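Here's the structure we're looking at; comments come further down.
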Amino acid sequence: MSYFGLAGGIACGKSTVARYFQDLGAEVIDADRIGHELIQPQLPAYRELVEAFGEGILGPANEIDRKRLGAIVFADDLKLHRLNVILHPRIIARVEELAREASSARPRSVVIVDAALIFEAGIGGRFRKVIVAWCRPEQQLERCMAKAGLSRAEAERRIQSQMSADEKRRRADFVVDCSGTLEETRRHVEALYPKLQRLTAGPPPE
């Protein structure tokens, strides 16, 4: 458990924080990208998702259209839970495999798992420390609407489907404040990175 988790609510700045950590030399494992890979046609998760939610989630090339799937699951808590049951165990297993490989290949490097739903999935204890990217709730709503092209009601539903940004901040070991400018966010990351390096170089937690 020599790797760190990076969590954050939708549109709170987590991807930007991950990119800044990567710029500083961290090895970043993107759980969302892994999720994309796991739903490719002919893979088990693809078949389970089509069985669970119907062929209406498919695009013109028979790929899973994440926007169509999102419209279904974010409107129904039970369907969102079903999606998570199908995907989360597979994503977690692959993330941990890649994290172990990265830690083994570069023992003194900072390895960060970029995963929005660390606390919702109950896996916070798997990480050495958890970092949370945070911004003010009104900013989160505005950014979510702009980023995903959603109406206010749709954005609110997606935000409410996750643990609140403030609750994630309370559970975090470290917080990166993304409520200011990009340069301010970068400075927060640059200040935190040496602490992660020292933890990586130190003895493993008991």
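Every number in this text was worked out from the coordinates using simple rules, so none of it is lab data. Because the structure is predicted, anything quoted here is derived from the model rather than measured. Note that we place each Cβ from the backbone using ideal geometry, even for glycine, and neighbour counts take in every protein chain shown.
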Relative contact order [Cα under 8 Å, 6+ residues apart], the chain, whole percent: 38 percent
Three semi-axes of the equivalent ellipsoid, segment 26-121, Cα gyration tensor, whole Å, largest first: 28, 14, 11
Cα-Cα P(r), the chain, percent of pairs per 5 Å interval: 1, 7, 15, 18, 19, 16, 12, 8, 3, 1, 0
Degrees separating the helix 182-201 axis from the principal Cα axis of the chain, which is the longest one: 70 degrees
Tilt relative to the chain, helix 14-23 - C-alpha long axis, 0 to 90 degrees, to 10: 40 degrees
Fraction of beta bridges assigned by DSSP in the chain that are antiparallel (%, nearest 5): 5 percent
Local electrostatic count, Ala99, Cβ distance below 10 Å [Lys/Arg +1, Asp/Glu -1]: -1
Ranked Ser109, Ser151, criterion: other C-beta atoms within 10 Å, fewest first: Ser151, Ser109
Cα centroid separation - segment 1-22 against segment 33-56, whole Å: 25 Å
Segment 107-206: C-alpha pair distances exceeding 18 Å, %: 56 percent
Nonlocal amide H pairs with Glu27, under 5 Å, H built at 1.01 Å: Val110, Val111, Ile112
Angle between the chain longest axis and helix 44-53 axis [Cα atoms, degrees, rounded to 10]: 50 degrees
Inter-probe distance in nm under a simple model that places probes 7 Å from Cα toward Cβ, at Lys67 and Lys129: 4.0 nm
